[in-house]
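Since every read-out is calculated from the coordinates, none of them should be taken as a lab result. Computed from a predicted model, the values in this text were never measured in an experiment. Every residue, glycine as well, gets a Cβ built from its backbone with ideal geometry; the counts of neighbours run over all protein chains shown.
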Amino acid sequence: MTQSRRFHLGSDHGGVELRGELAATLTEDGHTIASTAGPAAADEKADYPDVAVEVCRRVLEDEGSCGLLVCGTGQGMAMTANRIPGIRAAVVGDIFSARMARAHNDANVLCLGQRVLGSELAKALAREFAAASFEGGRHQRRVDKLMRAGS
Ligand code: RB5
């Protein structure tokens, strides 16, 4: 492992089991789970926007940290997260995109879908995202434009 990261985790009921598995994987790899949001069990229903907003606020307050959001598909979490200024959330289903979301887009939130990913792939995606670093340079200019888009 190259760098130890702080993660704020969250899921709705559709992502509880994977959230727990990812917490264990990231901890094993030497990362820190700084906080966890969302229900403790799948039979406790939660609305994904509530969880996404809570986790993204924590990420913004904890400089350098990342968020990891899990719902059924990852989509609702990402759509919510990307409405919050300062957040760059990526839904990812392949290893290359997990790396590039950090390296080129400086993503600070990873969104995964428990109902679409096998747990081994999901763990590998979280590991890849955690290990990758933003490359800066020409990508910084693009990320700056991205952050200004729509304003
Ligand atoms: C909850 O049933 C489901 O809609 C949610 O987990 C997520 O997939 C939404 O994007």
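Worth a mention:
- Put simply, the Cα atoms of the chain extend 45, 35, 27 Å along their principal axes, the longest span coming first.
- Angle in degrees between helix 48-61 and the longest Cα principal axis of the chain, rounded to the nearest 10: 50 degrees
- Restricting the calculation to Cα atoms, segment 59-139 yields a radius of gyration followed by a Dmax of 11.9, 36 Å.
- Net +/- balance of residues flanking His139 in space, Cβ distance below 11 Å, scoring K and R +1, D and E -1: +2
- Helix axis angle, 138-148 relative to the chain longest principal axis, alpha carbon, degrees: 70 degrees
- Segment 1-51 - convex hull of the alpha-carbon atoms, volume per residue in Å³: 67 Å³
- Sorting Val91, Val16, Val116 from the fewest to the most surrounding beta carbons within 10 angstrom yields Val116, Val16, Val91.
- Arg5 sits among other residues whose Cβ lies under 13 Å from its own Cβ, and their net charge, with Lys and Arg +1 and Asp and Glu -1, is -1.
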